[in-house]
1. DSSP loop (so not H, G, I, E, B), at most 15 other Cβ within 10 Å: list which chymotrypsin sites (Phe, Trp or Tyr not before Pro) in the stretch B:167-245 pass both filters.
2. Give the longest segment of chain B that steers clear of GluC sites (Glu not before Pro) in DSSP loops with at most 14 neighbouring Cβ atoms within 10 Å, not counting the sites themselves.
3. Say the cut-off is 23 Å between C-alpha atoms; which of B:Lys138/B:Lys164; B:Lys173/B:Lys268; B:Lys129/B:Lys164; B:Lys48/B:Lys130; B:Lys8/B:Lys48 go over it?
4. Can you tell me what the convex hull of the Cα atoms of the stretch B:295-684 projects to on average, as an area in nm²?
5. List the residues of the stretch B:245-278 whose backbone N lies under 18 Å from a point placed 7 Å from the Cα of B:Lys236 along the Cα-to-Cβ direction.
6. For chain B, what proportion of DSSP beta bridges, expressed in % and rounded to the nearest 5, is antiparallel?
7. Note down the magnitude of the dipole of chain B about its Cα centre, charges +1 on Lys and Arg C-beta and -1 on Asp and Glu C-beta and zero elsewhere, to the nearest 20 debye.
8. For the stretch B:10-169, compute Rh as the Kirkwood radius over C-alpha pairs and then the Stokes-Einstein diffusion coefficient at 37 °C and 0.692 mPa s; write the answer in µm²/s, rounded to an integer.
Amino acid sequence: MLLSLNQLPIGEKAQVLLLALDGTNRRRMLDLGLIEGTCVEALQKSPSGDPTAYFIRGTVIALRKEDTQKIIVQY
Amino acid sequence: MSLEVMPKDKVIALSGNPNVGKSTVFNSLTGLNQHTGNWPGKTVANAKGNFSHNNKSFILVDLPGTYSLLANSVEEEVARDFICFGKHDAIVVVVDATCLERNLNLVMQILEVTNRVIICVNLLDEAKKKKIRIDLIKLQDLLGVPVVGTSARSQKGLNHLLDKIYEVSYDFKQFHPCRVKYDDVIEQAIAMLEPVIDGVYDNKQPARYLSIRLLDGDTSFSYIKEYSCIKNQLDKATALLRSHGITSQIYKDKIASAIVIQAEKIYKSSVTLENISYNSFDRRLDKILTSKLTGIPIMVLLLGVIFWITITGANYPSEVLSAFLFWIENKLLIFFDYINAPLWLKGVTVSGMYRTLAWVVSVMLPPMAIFFPLFTLLEDFGYLPRIAFNMDNYFKSASAHGKQSLTMCMGFGCNACGVIGCRIIDSPRERLIAILTNNFVPCNGRFPLLISVITMFFVKISPFRSVISTLILTGFILLSIIMTLIVSKLLSKTILKGVPSTFALELPPYRCPQFGKVIIRSVFDRTLFVLKRAVIVAIPSGIIIWLMANIKILDISILKYCSDFLGPFATLIGLDGIILMAFILGFPANEIVIPIVIMSYLCTGNITEFDSLEKLKTLLINNGWTWLTAICTMILSLFHFPCATTCWTIKKETGSLKWTLISIFLPTAIGIILCFAITTIARFFNMV
């Protein structure tokens, strides 16, 4: 099933399919190791529901909804 | 960055991701006390220090922590420029053993620039606890450069690291580091460009790295294109890429992916997780500290507890200290009488200089000596990034950056540090917002004023006195945070328009703080540092105040002229001329505002002994203070122009007089408007 990363339920894992971002924003995401095929686990939402913490390549990284809705994952 | 280097000294750069214990390694090697903390972005300005090994001397340069060399932020740019073009003899890349994969990304990029690299796998003790097993020999084989395992906090492995630094910087061995292999066409394009760059720069520049960056269209290297031979070859190589369908974006993707995949490969063949759920403790703790239900309440509670401990704990030592210092004052007076010193000399030194000094020390030292270590413990533990995580949504709705809460936390210590800390924010617009609003949170120089005024005017003596003081203080801090958000929003709707950029915040693993070290370090590094600054400012101000109070023109002191001049305006905003003057004279350091007020009242009145807050309160009330004066003084203390050091730092960081002036004007205007409004309302309803 295809989802954008922000729709991934907490506690679930998925694989990155593509980044619908460009320019600097795309580069920052690639820099985090979010390339095609990378496994991402949604860990927890912050108290107000956004951002969400993800487990990416051994590191916990919090991302905002504005960015994660442009990351398409295979769930 | 300029370095003064003796020809025989070897320069070693210390690089690594943020928050991998780089500063701890730096301190252990050099003995310098660079402040360390468990959150990304601690090294805000480059530190350098010396050490010697095998009778050779070395200079160690601590670079800001970075995730990559792509120069997304000011910090990354500083690190990249030094790694690529700085004159260094070796680079030590410190990596975190508990999240090696991410760290290897930077390692692969640095290996592209230079062969002289030593990998320092730090935090091995933490990794061991989490049952993460790292095969260091395998890692060394795969990377092709020396790999040393360390636990810098307990000094383990550092000698081995020194040996390797010595070997690499003196070229005892040649190393053949592993290079990332890119797509065939990209490798062809690099091969076209590399020899030309090497030719032009006589092999003195990292040609492979520069080729990759030039093909990427990285504008920070466009000066290289001024050589027409390089430009022509670049055009040809780019044409080759395009003819194979590799557009600019595909190129960037392929480069990034190749590095990430290589890092992953090396990680997988050298690391074994003996316990798959090795970070379950961190996750459980995060569930409590950042959950919807408990996240924010725990945050406010922690803040409150810190303030409560500070207020309660500081009371007694403050009284003892001031009793002692005023006992000395009496002795000094007796001494001056004994040697028949002229009255003016006695006045300047004892009533002016010494007394102001005594006030600053007795009022400031105890709360600082308690607050700083407590705050540092939280920092060491790794809680601050969780604050940023909890608060981010509020900052987002103000169109600001979530990491602004980290720079705000730094501001609690010192606003100038907070302003420099804004370098961790990569988008220029959001960084500027963070810089301009940093002064809205009170620094340690302003806490003593808030605490003592609250204790004097709003709390009756009772067993709950310190609890109530804490609640009021926490309220004022929340007000300053809310004001930060409002002003951030205002700025991003007016002069700093824009949409938030991408935001990625690392939540590092929790670490058990090293209590002993934290306490010693924060007392000596921070407390004494801030105190020293206050003392340096307090001495001349004490003299100035005394002179102003005692030099008379037409039988009226200069102090009276000044306070009479400021009086009418000060009354409008609920203060008096003296308080307003104290704020202005306190421009060099906020710590001396209250001492100046006290000094000025003392110079005009006859009361001389003040060894407790109760007596101080009497003095203030005798000089016309009411609860309104107290509130307005506190509000103005929260919202007024930054101190001189902070202004200077803002000018340096923004490089613009305009933004510096705005940072002065903005909080001052807000403070004055608030005080005016409160005063007008209070007077209208006859509440005073």
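FYI, it's all coordinate maths here, none of it is from the lab. Quantities reported herein were computed from a predicted structural model and do not represent experimental measurements. Every residue, glycine as well, gets a Cβ built from its backbone with ideal geometry; the counts of neighbours run over all protein chains shown.
1. Numbers: sites: B:Tyr170, B:Phe172, B:Phe175, B:Tyr182, B:Tyr201, B:Tyr209, B:Phe221, B:Tyr223, B:Tyr227; in loops: B:Tyr170, B:Phe172, B:Phe175, B:Tyr182, B:Tyr227.
Here the sparse-neighbourhood loop sites are B:Tyr170, B:Phe172.
2. B:275-608
3. B:Lys173/B:Lys268; B:Lys129/B:Lys164; B:Lys48/B:Lys130
4. The orientation-averaged projected area of the Cα hull of the stretch B:295-684 comes to 20.7 nm².
5. Those under the cut-off are none; the list is empty.
6. The antiparallel proportion sits near 40 percent.
7. Values: 66 positive and 51 negative charges, 150 e Å.
Computed charge dipole of chain B: roughly 720 debye.
8. Details: Rh = 15.3 Å.
The calculation lands on 215 µm²/s.
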